[in-house]
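In what follows, a structure is listed as structure tokens, so that the remarks can point back to it.
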Amino acid sequence: MSSLSVEALGAAADAVEAHLPTLVEERFASRLFAQDATLWGPAAESEAAIRLAWTGLHRTSRPLVGEIAALREELRTRGVRRIALCGMGGSSLAPEVICATAGVELVVVDSSDPDMVRACVAEDLASTAVVVSSKSGSTVETDSQRRIFIQAFQDAGIDPTERVVIVTDPGSAMDTQARADGYRVVNADPDVGGRYSALTAFGLVPSGLAGVDVGALLDEAEEVADLLAEDDAANPGLRLGAALGGTEPLRDKLILTDRGTPIVGFADWAEQLIAESTGKEGTGLLPVVVGSGEASEQVATASDASVVALTADDDEPATSDAVPSQVNVSGTLGAQLLLWEVATAVAGRLLGINPFDQPDVERAKNAARALMENPSDSAEPALATDGAIEVRTSGDALDPGSSGSVDAAVDSLLATLDPERGYLAVMVYLDRLAHADLESVRGALEARTGRPVTFGWGPRFLHSTGQFHKGGPPVGVYLQVTGSPLEDVPVPGKEFTLGSFIAAQAAGDAQVLADAGRPVLRLHLTDQAVGLSQLRDVLGRR
């Protein structure tokens, strides 16, 4: 039997007490599950009207279970033992946590880094099938990955139509072309946005093909759906949403920490759901993923932070009296996927924003496209070169100092950090699989600054916290890391390479941030091996 538990303490409990009666009186929960598009005001109504089918996916996704099982068996008879997923944002993060929690291997290719993509394609291609997931059917990263895999299959003498499965919305350009070319296509529900799509074909097809019991996942969601639809003070979705979005003044830094949850990587999925849904119109909630480690005491007790502890069902969560605002959450994976989607919708209501659009994600995409068309626009000279690292800035909001050292440039960036409300975002456009240990600099930088620090792999974070960076409150400072690839990868049928594409994505994002007056320090590794060692030394000191 599935269960959910939400315990709010301190300022989070005060927020629940303040907002819960009104949410119940207004019948927010039952109206949400009835897909009432008016809940977030007139400005959001047209978008909400085509984005609420996620509330019923525990029922409407049932036909996929048998279809996925049959396709999995068909692939196995063809020698498939490895599933790779090409997708970005909600199309990749949900399957990643579903498979990791089930202990099932899934190769998530959510990058345009040439070294990472090349390594994923080269490994055991003979036993690999690929799921290509794109809601719009036009995501450039995903289309590029698709083209590279298809070319690799053809070069190996393997019919790609027998190894590639397309997941997309009905009627998308990818849907039409893939069917015409003879590929297997599974359509997702078009009335569900990407970050709410965990229980659609986007979450279930790659997970089920990899070996997860996706029927059991839907069972877990179904067991709590009625509870989450109740206009009752005990509703955990209303309680969590109020605790997250209803503090006064708003505690907009959510310190997501693993306190024994059996769900692997859940905070990364929640990060995208929350940040991209709420970070707009100068407000929002910024998840700060700290994993199984603790946030520094100064960060956990900050006046703008709430600790969100992900716990096991049968554990008593550790709670410090010094932490002024905390929420403890437990439950099975399927139940929590639906819980956090409800809570995010509630938080959007309390923040007064539309939780279903992502306007600033599109701005960064447009800037990247413009730089792809005119690459000379991003070819600005380095301000300085220190060892294997070139130093640049974007905009006029940051003076990197005159010494030319990386150390001094980082110090100058951190000096602009607001000691009361600010945060540092580390944005790394490198192979996240090969250099996963680089994430350890997050804790060191947090100890050094006493402020929340997020760590995002580019371009993955552009579909997540990237929205909050541009649309949220202007209190962030930004450290971007890029690198010359070990070997570039051409994109078949296109005039660009992955290396030029990821460089445009990084430069475009920096440009949009700078145009919004955000301080951006850009560090480029001319030699990755030497530069990474140098970078770890600089960022890892406390």
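We did not get these values from a lab; they are worked out from the coordinates using the rules stated. All values reported here derive from a predicted model rather than from experimental measurement. As a convention, Cβ positions derive from the backbone with ideal geometry for all residues, glycine included, and neighbour counts pool all protein chains shown.
For a bin width of 10 Å, list the pair-distance distribution of region 359-540 built from all Cα-Cα distances, rounded to whole %.
9, 40, 39, 10, 1
Straight-line reach from Lys280: which lysines fall under 27 Å, measuring Cα to Cα and dropping same-chain residues less than 8 apart?
The reachable lysines, counting only those whose Cα sits under 27 Å from Lys280, are Lys135, Lys253, Lys365, Lys470.
Just the number, please: Stokes-Einstein D of region 357-442 in µm²/s, Kirkwood Rh from C-alpha pairs, 37 °C, 0.692 mPa s.
208 µm²/s
Taking every DSSP beta bridge that has both residues in the chain, what percent is antiparallel when rounded to the nearest 5?
If we restrict to bridges inside the chain, about 30 percent are antiparallel.
Using the Cα centre of region 215-255 as the reference point, and only Cβ charges (+1 on K/R, -1 on D/E), how large is the resulting charge dipole? Debye, rounded to the nearest 20.
440 debye
I'm checking a number: the convex hull volume of the Cα atoms of region 1-78, normalised per residue, in Å³. What is it?
For region 1-78, the hull spanned by Cα atoms encloses 192 Å³ per residue.
Would you mind counting up the charge near Ser464? Only other residues with Cβ under 11 Å from its Cβ, with Lys and Arg at +1 and Asp and Glu at -1.
With Lys, Arg at +1 and Asp, Glu at -1, the neighbours total -2.
Quick one, what does Rg over Rh come out to for region 477-542 if you take C-alpha atoms and the Kirkwood Rh?
Using only Cα positions, Rg/Rh for region 477-542 is 1.05.
Can you give me the Cα centroid spacing of region 504-536 and region 466-484 in angstrom?
The distance from the Cα centre of region 504-536 to that of region 466-484 comes to 10 Å.
Which of Gln154, Thr77, Thr142 sits farthest toward the positive end of the charge dipole of region 67-161, with +1 on the Cβ of Lys and Arg and -1 on the Cβ of Asp and Glu?
Thr77
Just order 52-59, 27-34, 351-358 by mean Cβ neighbour count inside 10 Å, highest at the front, would you?
Going by the mean number of other Cβ atoms within 10 Å, highest first, we get 351-358, 52-59, 27-34.
Rounded to the nearest 20 debye, what is the charge dipole size of region 61-217 about its Cα centre when +1 sits on each Lys and Arg Cβ and -1 on each Asp and Glu Cβ?
In total the dipole reaches around 200 debye.
Which is farthest toward the positive dipole end of region 359-540 among Leu462, Ala504, Leu479, measuring Cα position about the Cα centre, with Cβ charges +1 (Lys, Arg) and -1 (Asp, Glu)?
Checked the options; the winner is Leu462.
Per the helix-only calculation at 222 nm, which mean residue ellipticity applies to the chain, given -39500 (n - 2.57) for every DSSP H run of n ≥ 4 and division by its residues, nearest 500 deg cm²/dmol?
Calculated mean residue ellipticity at 222 nm is -13500 deg cm²/dmol.
For the ranges 191-199, 433-441, what's the packing order if you count other beta-carbon atoms within 10 Å of each residue, average per peptide, and put the highest first?
Result, highest mean Cβ count within 10 Å first: 191-199, 433-441.
In debye to the nearest 20, how big a dipole does the chain give about its Cα centre with +1 on each Lys and Arg Cβ and -1 on each Asp and Glu Cβ?
Dipole of the chain, to the nearest 20 debye: 840 debye.
For the chain, what is the relative contact order in percent, using Cα pairs closer than 8 Å and at least 6 residues apart in sequence?
Relative contact order comes out at 19 percent.
Near Asp113, within a Cβ-to-Cβ distance under 14 Å, what is the net charge of the other residues, with Lys and Arg +1 and Asp and Glu -1?
Local charge sum for Asp113: -3.
Report the percentage of all Cα-Cα pairs in region 61-217 whose separation exceeds 23 Å, rounded to a whole percent.
Tail of P(r) above 23 Å: 27 percent of Cα pairs.
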